[in-house]
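One structure is given below, encoded as structure tokens.
The values are calculated or read from the model by the stated rules, or taken from the named source; none is laboratory data. Every value quoted in this text rests on a predicted model; they were computed, and no experiment measured them. Using ideal geometry, Cβ is built from the backbone for each residue, glycine included, and neighbour counts are taken over all protein chains shown. These area figures cover heavy atoms from the full protein model, side chains too; ligands, DNA and RNA do not enter into them. Shrake-Rupley method; radii C 1.70, N 1.55, O 1.52, S 1.80 Å.
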Amino acid sequence: MIDARRCLAGAAALAAVLAALPALALDKVSFGTDWKAEAEHGGFYQALADGTYRKHGLDVTIVQGGPQVNNQLMLAVGRLDFAMSANTLQSFDAVAQNIPTLAVAAMFQKDPQVLIAHPDVGVEKFEDLRALTLFVSKEGIATYFQWLKTDYKFNESRVKPYTFNAQPFLADKQSAMQGYVTSEPYAIEKQGRFKPKIFLLADYGFNTYSTLIETRRDLAENKPELVQRFVDASIIGWYHYLYGDNSPGNTLIKKHNPEMTDELLAYSVATMKEYGIVDSGDATTLGIGAMTDARMASFFDKMVRAGVVKPSVDFRKSYSLQFVNKMVGLELRPKN
């Protein structure tokens, strides 16, 4: 007969040995965002807060961006492993400048860039915006406004500098201002006490990807499995943030950025869903993060035609499809 006490003692000894072994080491990686923590970064914070990165063997540090922070530069010089780029133009520019980075996933299928107008002033169609005073930033003039001029015959003489202050717009009903669909309309509703007209540029042909994950070419080539794990975990983080309990992600966002409020976070998440910022188009079948050659080529051609990008740029070097379009996390997407 087997001695039960001896078996128990043996099991206890084995457990003690296993407990003494070092835990499987996680790969430490750093990810730089393009601004202070906000809902537009929610999937990444969710993956960190709910343990998704750890489940993928990653110990992730999120490094916030901000007005005095250039995380794309930190990526290029090796201070970060991954960084967020605002749109595909930054990836094209990296090729033009011979910077050794590339996009490996596009978490936003639509750029959140909008033009915002007053209600009840006769602005019904996108083309009606041409008759208004337009508050556009210097960066906006150099990028999407050149496309507006080429494809929609907007006139730069109607533009005034946008200083990220809504007051000039609020004071002039015959004006429109730039913004992100996830934030500025909310601020205008609060300050102006009216619901503005919103025109999402992506819905009128400005088909850049946004909130892309970029890494260095050497990391993608030498540690593709590491890059894959970071991309996959980030994708799952976005599904959890949009469709699951996103309180862990929001709690971490508020910890990193105490200025963020629950009300704005909820508004931003609802708006991302309403406008299909993250989960629309190719993402509905290929998974969040999806990119395609056809979409990249289409946007590149538009930017060349608008004079924003030189035709000599080999845009195909700006991204890789190796790590996306694998339907990761699609089972987490609501069926209806």
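Scanning for something among the aliphatic types (A, V, I, L, M), closer than 19 Å to Pro112 by Cβ, modelled with pLDDT of 95 or more and not in a loop (DSSP other than H, G, I, E, B), does region 46-54 turn up at least one residue? No, region 46-54 has no match at all. Considering region 219-271, and only residues there that are free of Cβ contacts under 8 Å to residues at least 24 places away in the same chain and over 27 Å from Glu189 (Cβ atoms), the residue that is most open to solvent (accessible area, probe 1.4 Å) turns out to be Glu221.
Mind telling me which of the residues Leu132, Leu148 ends up being more than 30 Å from Lys326 (Cβ to Cβ) and in contact with a Phe, Trp or Tyr (Cβ under 6 Å, 6 or more places away or on another chain)? I'd like the intermediate steps shown before the answer.
Numbers: Leu132 fails: in contact with a Phe, Trp or Tyr (Cβ under 6 Å, 6 or more places away or on another chain).
After ruling out the rest, the residue left standing is Leu148.
Applying the selection to region 286-301, what residues are of a type outside the set (A, V, I, L, M, F, W, C) and open to solvent by 40 Å² or more (accessible area, probe 1.4 Å)? The answer is Asp293, Arg295, Ser298, Asp301.
How many of the residues making up region 280-336 are among the polar types (S, T, N, Q) and assigned to a helix (DSSP H, G or I)?
Looking only at that region, the number is 4.
Taking into account only those residues within region 173-216 that are open to solvent by 10 Å² or more (accessible area, probe 1.4 Å), among the charged types (D, E, K, R) and out of contact with any Lys or Arg (no Cβ under 9 Å at 6 or more places or on another chain), which is nearest to Thr163 (Cα to Cα)? My answer is Glu184.
Which ones in region 166-202 are part of a helix (DSSP H, G or I) and among the small types (Gly, Ala, Ser)?
Ala171, Ala187, Gly192, Ala202
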